[in-house]
Every structure is written in C-alpha cells, then in structure tokens.
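Worksheet: the structure to be examined is printed underneath.
Each reported figure results from applying straightforward, stated rules to the coordinates on display, with no laboratory input. Note that the coordinates shown come from a computational prediction; the quantities given were computed from them, not determined experimentally. Because the Cβ atoms are built from the backbone with ideal geometry, glycine has one as well, and the counts that use them run over all protein chains shown.
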C-alpha cells in the first residue's frame, strides 16, 4: 500500500476512532482502520472490561466487524494509540494476539501501518510484524 492519499484517510479514520475507546482502566485509547480489498473501511477502537480477559483491542474489533459481514480479504490496517485525551507521540504496535489474528487474514501484500499522525507513519509487512506466525 503506497497511495499516500489512502494512507492519510485511513490514519484520519483511526485517529477518529480513538474518541470512541472505552478505557476506564488503562486510560490508553487505540483506534484502527482496516481497508478491505473491496475498498470498504472497517473501523475499531479498544473496549476494556473489568474482567480484563473480556477486553478487545481496536485491531481485532475492526477485523471481527469485517469478518462478521463476510469480508475476509484485506489490504492494510492503520493503528494509532496514546493516553486518552492526548495526541499520539509514538507508534502503537499491535499486541501479539492482534498480530496473530491479522495473520489469519493477511496475504503477502497486507500492510500494517503504525501512525502518529498523517505525516508520521511507518509501513510494515505482516512478516515483519509477526515472523514465524502460527499457521495450519
């Protein structure tokens, strides 16, 4: 994924999604924007729960929304995160569980874009994000 206009639009969506995060325990808001191969963008935010195991990350929220609607082919995902109410200052890499879920649906061209803002981001391949992923 190299189209800077598309990347910037996805970054904007991911930044917007942070506002919907429910983070009363960590105070760390994460937003994600997932671009499907059909051009649809699925968004997600992290949603915490007092029973921490019931918490879901922004990346998985977006992926599960797409899959629940029958979409399983994706081009890229943007992830942004920072303490709630603050502007991101550093990249927010996905947790191991999210990386494994991404790898389930990622092909060799899938991009993971870690952004601070529209002008500061890095694009990673799935192999860079999760070398030697579990696969059957």
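Things worth noting here:
- Placing a pseudo-label 7 Å from each Cα along the Cα-to-Cβ vector at residue 37 and residue 128 gives an inter-label distance of 2.2 nm.
- Distance in nm between pseudo-label sites at residue 5 and residue 73 (7 Å out along the Cβ direction from Cα): 2.3
- Placing a label point 7 Å from the Cα of residue 103 along the Cα-to-Cβ direction, the residues of segment 37-73 whose backbone N falls under 17 Å of that point are 60.
- Three-way shape call for segment 4-129 based on the alpha-carbon gyration tensor, with the a/c threshold at 1.5: oblate
- Simple spin-label estimate for residue 87 and residue 19 in nanometres, 7 Å along Cα-Cβ: 1.7
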